[in-house]
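The values are calculated or read from the model by the stated rules, or taken from the named source; none is laboratory data. Since we're looking at a predicted model, the values are computed, not measured. Please note: Cβ atoms are built from the backbone with ideal geometry, for glycine as well, and neighbour counts cover all protein chains shown.
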Amino acid sequence: MEQTLTAETIGYDYGKRTVLRNVFLEVPQGMLAVLLGANGSGKSTLLRILAGLKTPSTGRVRLNGQDLHRMKPAKRARLVGFLPQQHRPVFPFAVEEVVLTGRAARVRLMPGPEDREQARLALEQVGISHLRQRPFTELSGGEQQLVMIARVLAQQPKIIMLDEPTAHLDLHFQAHLMQLLRMLVREGLTVIAVLHDPNQAISLADQFYFLKDGTCLEPPNHQSPWNVSFLSRVYSTPLQEVAFGARPLVFPLFSNALAGNNSSEEIELNNNAVFSV
């Protein structure tokens, strides 16, 4: 059964401060969807709401028609896997044992042969079987990130959500991770990620959701999600476009930014800010 995730008129307040307001999105199964926007735009908060880890002040999140926040945590964990921005390892558990903890929602008493097999398969899928017996605390940051993705895969979720998964990774691990996400989507999983770099999103994503000041933005006149004038508005920074295959790359226009020149055109607000490519 397909697992379509829908967020309906989501709002979220921290005390008297509104972080999100009237956000709508819909992600069908088998898509790589990205949340983009400047720091403080509400991306991470929205992702945690979509994962069921925060309860919205208004609106609801539905997974295949069911209210995600009314599900029991164990059931939700079998459907949605979440990778936070940071993880602080304390004990030097072996990588295999760390990945095995991803089976918690499916284990009754002690991990059995099936659980260990799923952990093994997850390590193999991510391409880090050779790290199986290494202490997690002795790994590099990039290796630890891949272990945590294997841990999420061991849950066998239908949807994987990642909050800035390439942060603090070098180019080698960034490339490996983004290729892995595309592979997971080809295998039928849904991936929703907050990405810091719009060029990574432009290169890889199927659907785009743009946040600015807690509200979704849509390019005017049905222009492409990588329209440079639109992205300049999203990031409040003048950008320039460089041709690169079927989709361009965008970079800050430093001279214009220093001069205070802002040539961005007016952007329309729309609560249905999703673009399929």
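Checked against (1) more than 23 Å from D163 (Cβ to Cβ); (2) at pLDDT below 85; (3) touching a strand residue (DSSP E or B) at 6+ places or on another chain (Cβ under 7 Å), F275 passes all but condition (1). For the range 98-152, filtered to residues that are in contact (Cβ under 8 Å) with a residue 40 or more places away in the chain and assigned to a loop (DSSP other than H, G, I, E, B), the residue that is surrounded by the fewest Cβ atoms within 10 Å (Cβ to Cβ) is G127.
If the condition is being modelled with pLDDT under 95, among the hydrophobic types (A, V, I, L, M, F, W, C) and within 19 Å of L217 (Cβ to Cβ), then the range 31-71 contributes only A38. The single condition among (1) at pLDDT below 90; (2) more than 21 Å from L53 (Cβ to Cβ) that A167 does not meet is (2). Residues considered: G81, G65, G30. Of these, the only one that is at positive phi and touching a strand residue (DSSP E or B) at 6+ places or on another chain (Cβ under 7 Å) is G30. The residues on offer are G11, G40, and the sole one that is out of contact with any helix residue (DSSP H, G or I) (no Cβ under 8 Å at 6 or more places or on another chain), of a type outside the set (S, T, N, Q) and assigned to a strand (DSSP E or B) is G11.
Looking at the range 221-229, can you tell me whether even one residue there is closer than 23 Å to Y12 by Cα, out of contact with any Leu (no Cβ under 6 Å at 6 or more places or on another chain), aromatic (F, W, Y) and touching a residue at least 12 places away in the same chain (Cβ under 8 Å)?
We begin by selecting, within the range 221-229, every residue closer than 23 Å to Y12 by Cα; these are none.
No, there is no match, as no residue in the range 221-229 is closer than 23 Å to Y12 by Cα, out of contact with any Leu (no Cβ under 6 Å at 6 or more places or on another chain), aromatic (F, W, Y) and touching a residue at least 12 places away in the same chain (Cβ under 8 Å).
The residues listed here are R88, R62, R78, R21; of these, the one that is out of contact with any Leu (no Cβ under 6 Å at 6 or more places or on another chain) and assigned to a helix (DSSP H, G or I) is R78. For the range 15-42, filtering for residues that are aromatic (F, W, Y) and over 25 Å from R233 (Cα atoms) leaves 0.
Can you work out which of the residues in the range 73-84 that are of a type outside the set (K, R) and closer than 13 Å to A51 by Cβ is surrounded by the fewest Cβ atoms within 10 Å (Cβ to Cβ)?
Per the stated criteria, the residue is P73.
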